[in-house]
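Bear in mind these aren't lab numbers, they're just calculated from the coordinates by the rules spelled out. All of these numbers come straight from a predicted model, not from anything done at the bench. Cβ coordinates were reconstructed from backbone atoms using ideal geometry, including for glycine residues, and neighbour counts include every protein chain displayed.
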Amino acid sequence: MRTLLALRSLFFLALLPGTVAGYVPFLIVRATRGSFDVTMSLMTVLAATFIVLGVFVLLRCVWDFFFAGEGTLAPIDPPRHLVVRGLYRYTRNPMYNGVLAALLGEAWLFQSRALLLYAAAICILFHLFVVLYEEPALETAFSDSYRRYQQHVPRWGFTFRAYESAEPR
């Protein structure tokens, strides 16, 4: 059972953020720059750090969905339990923030206006998806637990005071 969940988690990790933050940016850079050459500098290191940080945030969230939520990041295979541990104690959408950080880092690394515009479009799409689908679905699935969580943890910003849930997940 856990093995199948792990395989589904890896599949959806590659399919969803792998496409949004990996494959599509690759196509954009190839189409607009033709080259992936970058000059090593402090700015390159900072941009790469942004990418690595974004990927780390994403992987930590997938880990929490797997262990605490017993589900994946895919809307068709969501966590069975509300995940309110790790980064989710400080912001409600750290996974999306991680993907956006990686995209911004890629735009910076490759000095790509096209990637920056793509990141802005993805940000808008994430917001619409969260507001129109994800939050209503979470409220339906987890009712009062999710409403309490919403009251204490911001959607996009973050809080310095970690949320303590009555249900430890």
Starting from the Cα-Cα distance between residue 23 and residue 120, subtract it from 0.36 nm times their residue separation and give me the gain in nm to one decimal. 33.2 nm
Which stretch or stretches of segment 1-36 have amide N atoms under 14 Å from the point lying 7 Å from residue 80's Cα along the Cα→Cβ direction? 1-6
Please give the calculated 222 nm ellipticity per residue for the chain, where each DSSP H segment of at least 4 residues contributes -39500 (n - 2.57) and the sum is spread over every residue; nearest 500 deg cm²/dmol? -20000 deg cm²/dmol
Per-pair calculated FRET efficiency, R0 = 41 Å: residue 2 and residue 45 via Cβ, rounded to 0.05: 0.60
If one compares the long axis through the Cα atoms of helix 42-64 with the longest principal axis of the Cα atoms of the chain, the angle in degrees, nearest 10, works out at 30
What do you get for the angle between helix 113-129 and the principal long axis of the chain? Use alpha-carbon atoms, 0 to 90 degrees, nearest ten. 10
Distance histogram for segment 1-103 (every C-alpha pair counted, 10 angstrom bins, percent rounded to whole numbers): 15, 40, 29, 14, 3
Between the modelled labels at residue 32 and residue 60 (7 Å from Cα along Cα→Cβ) the distance in nm is 2.9
Could you work out how much longer the chain between residue 139 and residue 15 gets when fully extended? Use 0.36 nm per residue separation minus the Cα distance between them, nm to one decimal. 42.0 nm
Counting other C-beta atoms within 10 Å, which of 160, 12, 142 has the fewest, and how do the rest follow? 160, 142, 12
Please build a GNM for the chain, connecting alpha carbons under 10 Å apart, and tell me which residue among 31, 101, 74 fluctuates the most. 31
State the Cα centre-to-centre distance between segment 28-92 and segment 96-150 in whole Å. 11
Do you know the relative contact order of segment 1-139, to the nearest whole percent, from alpha carbon pairs under 8 angstrom that are 6+ apart? 29
